[in-house]
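The values are calculated or read from the model by the stated rules, or taken from the named source; none is laboratory data. Just so it is clear, the structure is predicted and the values come from calculations on it, not from any experiment. Cβ atoms come from the backbone with ideal geometry, glycine included; neighbour counts cover every protein chain shown. These accessible areas exclude ligands, DNA and RNA; they are computed on the full protein's heavy atoms, side chains included. Shrake-Rupley method; radii C 1.70, N 1.55, O 1.52, S 1.80 Å.
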Amino acid sequence: MRLELSMSPTSARRSSIDHLLQHAEPGQPARIEGWIKTSRFSKNVSFLHVFDGSSPRTVQVVLSEPPSEDLKGRLGIHSAVRVQGTWVASPGGEQALEIQATPEQVQVIGPTDPSAYPIQKKRTSLEHLRTIAHLRPRTNTFQATFRVRNALSWQIHRFFQERGFLWIHTPIIAASDTEGAGELFSVEVPGQSEPFFGRPTYLTVSGQLQVECFAQAFSNVYTFGPTFRAENSNTARHANEFWMIEPEIAFADLDDVIALAEDFVRQISLATLEQCAQDFELFDRFVEKGVVQAVRSSVDKPFARITYREAQELLQQSGRSFEYPIGFGQALQAEHERFLAEEYFKGPVFVTDYPKEQKAFYMRQNDDGLTVAATDLLVPRLGEIIGGSQREERLDQLKRRIVELGMEPDDYAWYLDLRRFGSVPHGGFGLGFERMLMWLTGIKNIRDAIPFPRTPGSAAY
RNA sequence: UCCCCGCUAGCUCAGUUGGUUAGAGCACCGGACUGUUAAUCCGGGUGUCGUUGGUUCGAGUCCAACGCGGGGAGCCA
């Protein structure tokens, strides 16, 4: 099904520029509202380029008479305007249609003083735009980024909804730490000594334990919402607030989880590339050359799949010298993951069956007594974007593992109940939404993939 | 949290072994010209050299602390 998101007018009063550029006919009366991207003036003819965020394209407005000096001074970069006129075929090569108008048909709704405006009609570094995060949504790169971010989230919902998954709104305020470790932001009322909820509460680090309750009642479910980690991570791939997608499927083993993850990554990638084809031209040219073809070729073929043990053997046979030690029991470090995804498999690869010590308590224990039915999906450029597993559905094994790890079984009474009443094999995975966006677009810093990033020492806006 | 690098005009940067009045491109301002497309041409420098302290006759330049930013690592998604 081809999605026609631009078919409907933005409101009863006006149509989006994206809609008009596709549907206006020469000779029709024109009316647009938006902001000026660039303007050029000469003695006899002037050009205004107007955008409204609905399209990477601008509308060229042609004034065949010179505007007054006063009006001209108010038609600089990012002045808000309303233009009425007539759609005509454009003699210029860059656009099919343009608007012919008189200066009187241009109304300045909110002027911008170009000499004071922090964003200029030139290339500006992403680092500098981060310092004016309230203004960067109006730049070409961030216009494309946030249109793609929107499209990707829509395609994620669409993927699950078309397959009968229920979107479960798991709580943002959580009573325990899902992983039994990791750093949490606590939720409390300033000046109040007693916990508001009668117990310590935290911002969620994962909705998985809660969504498992719903998987044991609705079979196929997913979460899609914000997640919080108080880790003092200062990298281009970590933020303290990010969005995560966590599907959970019942009557399923690790193979089913992997099949779902592969189908999911392939479908949402291709659908987003198609929905935002024009925006991806920008990423392909200016952000990461060749990124579209790289993503396509990654998802065109079946994803590779190896066990953790095989991965360690591959690393040993590679003849490479790595900074970190390799061998069974050693962690797969970033350098190892990059070797596997970028050099050896040259595409996405599932690594399965990790040592139980490296993974969370709820993952299903394999018969070897050493490993668990876990998987990470590693992709070129980024490393891990998915972490998932089959869950331990056997009450005794799960309880034993909780005790082994020094955790308090009573804290997990409700979670253990799921294994007591109608327990079935089940599993799921977590996908970092921003990391997926970065993989598709080539954006290199997570701070540029989220509207207002929260990172250690930084929460302006 | 650890390692490395950076901070000079609105932006991106240059600035010599420490030396007198601080440099470029673009942006911006003024003018010219043009159915233009990040237009083009001519003219104009708009500055608390991140902050504080130190060394020195003299600091954008050397030293220290702090702040901010970037890259990498760990942790992870």
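Some notes on this structure:
- Residue check for A:Ala230: surrounded by 22 or more Cβ atoms within 10 Å (Cβ to Cβ) and not aromatic (Phe, Trp, Tyr): no
- When A:Arg419 is tested against (1) open to solvent by 20 Å² or more (accessible area, probe 1.4 Å); (2) of a type in the set (D, E, K, R); (3) more than 12 Å from RNA strand B (Cβ to nearest atom), just one condition goes unmet, and that condition is (1).
- Whenever a residue of region A:329-345 is within 13 Å of RNA strand B (Cβ to nearest atom), its partners that are part of a helix (DSSP H, G or I) and open to solvent by 40 Å² or more (accessible area, probe 1.4 Å), lying with C-beta atoms within less than 9 angstrom and at least six residues away or across chains, give the pairs A:Gly329/A:Glu357; A:Gly329/A:Gln358; A:Ala331/A:Gln358; A:Leu332/A:Gln358.
- Condition check for A:Glu194: away from RNA strand B (no atom under 11 Å from the Cβ) and touching a Gly at 6+ places or on another chain (Cβ under 7 Å): no
- Within region A:99-124, considering residues that are surrounded by fewer than 12 Cβ atoms within 10 Å (Cβ to Cβ) and of a type in the set (A, V, I, L, M), the one farthest from A:Pro67 (Cα to Cα): A:Ala116
- Selected residue (criterion: farthest from A:Gln208 (Cα to Cα)) from residues of region A:241-287 that are of a type in the set (Phe, Trp, Tyr) and not in a strand (DSSP E or B): A:Phe286
Matching residues to (1) touching a strand residue (DSSP E or B) at 6+ places or on another chain (Cβ under 7 Å); (2) farther than 15 Å from A:Gln312 by Cβ:
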{"position": "A:Thr352", "(1), (2)": "yes, no"}
{"position": "A:Gly369", "(1), (2)": "no, yes"}
{"position": "A:Asp376", "(1), (2)": "yes, no"}
{"position": "A:Gln390", "(1), (2)": "yes, yes"}
{"position": "A:Lys399", "(1), (2)": "no, yes"}
{"position": "A:Glu404", "(1), (2)": "no, yes"}
{"position": "A:Met407", "(1), (2)": "no, yes"}
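- Number of residues in region A:243-271 that are closer than 20 Å to A:Asn445 by Cβ and open to solvent by less than 30 Å² (accessible area, probe 1.4 Å): the value is 1.
- Among residues of region A:372-390 being open to solvent by less than 10 Å² (accessible area, probe 1.4 Å) and over 13 Å from A:Pro348 (Cβ atoms), the one that is farthest from the chain's Cα centre (by Cα) is A:Val372.
- The residues on offer are A:Ala360, A:Ala331, and the sole one that is touching a helix residue (DSSP H, G or I) at 6+ places or on another chain (Cβ under 7 Å), open to solvent by 10 Å² or more (accessible area, probe 1.4 Å), closer than 20 Å to A:Phe429 by Cβ and at pLDDT below 95 is A:Ala331.
- Tally, over region A:290-325, of residues that are open to solvent by 50 Å² or more (accessible area, probe 1.4 Å), within 32 Å of the chain's Cα centre (by Cα) and free of Cβ contacts under 8 Å to residues at least 40 places away in the same chain: 6
- Cβ-Cβ distances below 8 Å connect the following pairs, each with a first residue in region A:62-85 that is within 24 Å of A:Arg138 (Cα to Cα) and open to solvent by 70 Å² or more (accessible area, probe 1.4 Å), a second residue that is within 10 Å of RNA strand B (Cβ to nearest atom) and not acidic (Asp, Glu), and a separation of six or more residues or different chains: A:Lys72/A:Phe41; A:Lys72/A:Ser46; A:Lys72/A:Pro66.
- Residue, nearest to A:Met436 (Cα to Cα), within region A:211-239, restricted to residues that are assigned to a helix (DSSP H, G or I) and touching a residue at least 24 places away in the same chain (Cβ under 8 Å): A:Val211
- Condition check for A:Phe452 on (1) more than 17 Å from A:Ser206 (Cα to Cα); (2) within 11 Å of RNA strand B (Cβ to nearest atom); (3) not acidic (Asp, Glu): one failure, at (2).
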